[in-house]
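Asker: Okay, handing you the structure first.
Each value in this text was obtained by applying a stated rule to the coordinates, not by laboratory testing. These numbers were taken from a predicted model, which means no experiment stands behind them. We place every Cβ from the backbone using ideal geometry, glycine too, and count neighbours over all the protein chains shown.
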């Protein structure tokens, strides 16, 4: 089994389930219904197993966590890949139009040359 399989699987799941959150804004991601959602557990596992770095910014309408994990693309390029998971938590009074979600998560990949 691949060492980095869970990291890539978590990113692919987020990418597959992401969509535009608000019809009148460009926020994009996978909805998160609770902090016990499976995707949140998967991201926490990635932080633990891949020495992820977490940065949290709090603001009046919620908070944003930026999680950075580095892995190796063992199947294709054999090069280092950095995954940046961004979790946006929205305070309850600002969740209009989020259909029961408390926030959303999206992922970006960058390959090292």
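Asker: Give me the base-10 log of I(q)/I(0) for the stretch 5-111 at each q in 0.10, 0.15, 0.18 Å⁻¹, Debye formula, one uniform scatterer per Cα, rounded to two decimals.
Answerer: With one equal scatterer per Cα and no solvent, log10 I(q)/I(0) is -0.28, -0.62, -0.87.
Asker: Counting helices only, and only those DSSP H runs with n ≥ 4, report the 222 nm mean residue ellipticity of the chain as the sum of -39,500 (n - 2.57) divided by its residues, in deg cm²/dmol to the nearest 500.
Answerer: Here the helix-only value at 222 nm equals -7000 deg cm²/dmol.
Asker: Want the number for residue 53 to residue 92: 0.36 nm per residue separation, take away the alpha-carbon distance, what's left?
Answerer: Contour length minus Cα-Cα distance gives 11.4 nm.
Asker: Quick one: compute the contact order of the chain, relative version, from alpha carbon pairs under 8 angstrom and 6+ residues apart, as a percent.
Answerer: Rounded, it is 27 percent for the chain.
Asker: Quick one: helix 38-49 against the long Cα principal axis of the chain, what's the angle to the nearest 10°, folded into 0 to 90?
Answerer: Taking the Cα atoms of the chain, the angle to 38-49 is about 40 degrees.
Asker: While we're on this one: Taking the simple approach of a point 7 Å from Cα along Cα-to-Cβ for both residue 38 and residue 84, what is their distance in nm?
Answerer: Calculated label separation equals 2.8 nm.
Asker: Sort the following peptides by mean Cβ neighbour count (other Cβ atoms within 10 Å, averaged over residues), highest first: 90-100, 62-72.
Answerer: Output ranking for 90-100, 62-72: 62-72, 90-100.
Asker: On a full-extension model of 0.36 nm per residue, what is the gain between residue 77 and residue 99, subtracting their alpha-carbon distance, rounded to one decimal in nm?
Answerer: 4.0 nm
Asker: What's the FRET efficiency of residue 112 with residue 13 using the Cβ-Cβ distance as r and R₀ = 22 Å, to the nearest 0.05?
Answerer: For R0 = 22 Å, the calculated efficiency reads 0.45.
Asker: Give the angle, between 0 and 90 degrees and rounded to the nearest 10, that separates the Cα long axis of helix 5-17 from the longest principal axis of the Cα atoms of the chain.
Answerer: For 5-17 against the chain, the angle is about 40 degrees.
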